[in-house]
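Below is one structure; the comments refer to it alone.
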Amino acid sequence: MAYIGKAPQTGAYQILDDISGSFTGSTPGPFNLTVNGSAVSPGNEASVIISLSGVVQAPITSYSLTGSTISFTSNPSSSDTFFGMVLGDTFD
């Protein structure tokens, strides 16, 4: 099917591996971001959704990304759970 202009993109959404086993309550990071054991480098903070103990974290305000690592602005507790998703392709 032909498109006028830019063709629609599909997202390559990926669920990040659980990093909560590395949370000690004494360090904000950096923690390695992986998908199925392989390092992943999201484009920027807005291209991921991060949740600690069910609370979605605000990009840049609550965490920062450097390559394939994440650092939080406050120390995640050892009892915190983690869920993260890389949003994949984004539109301009």
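Shown are ILE70, ILE49, whose ranking by accessible area with a 1.4 Å probe and every protein chain present, most to least, is ILE49, ILE70. Each residue, SER53 and SER77, gets one label point 7 Å from its Cα in the Cβ direction; the gap between the two is 0.3 nm. Couplings 3J(HN,Hα) for segment 60-69, derived from phi with the Karplus relation 6.51 cos²θ - 1.76 cosθ + 1.60 (θ = phi - 60°), are 6, 5, 9, 7, 9, 10, 9, x, 9, 10 Hz, where x marks Gly and Pro.
Multiply the residue gap between THR34 and ASP18 by 0.36 nm, knock off their C-alpha separation, and tell me the result in nm, one decimal place. Could you put the intermediate results ahead of the total?
Values: separation 16, 0.36 × 16 = 5.76 nm, distance 0.85 nm.
Here the answer is 4.9 nm.
Multiplying the residue separation of ALA46 and THR61 by 0.36 nm and subtracting their alpha-carbon distance yields 4.3 nm.
Give me the number: length gained by fully extending SER26 to SER68, i.e. 0.36 nm times residue separation minus the C-alpha to C-alpha distance, one decimal in nm.
Details: separation 42, 0.36 × 42 = 15.12 nm, distance 2.09 nm.
Difference between extended and current length: 13.0 nm.
The values are calculated or read from the model by the stated rules, or taken from the named source; none is laboratory data. Predicted, not measured: the structure shown is a model, and the values here were computed from it. No Cβ is skipped: glycine too gets one built from the backbone with ideal geometry, and neighbour counts run over all protein chains shown. Quick note on the areas: whole protein, heavy atoms, side chains included, nothing else; ligands and nucleic acids left out. Shrake-Rupley method; radii C 1.70, N 1.55, O 1.52, S 1.80 Å.
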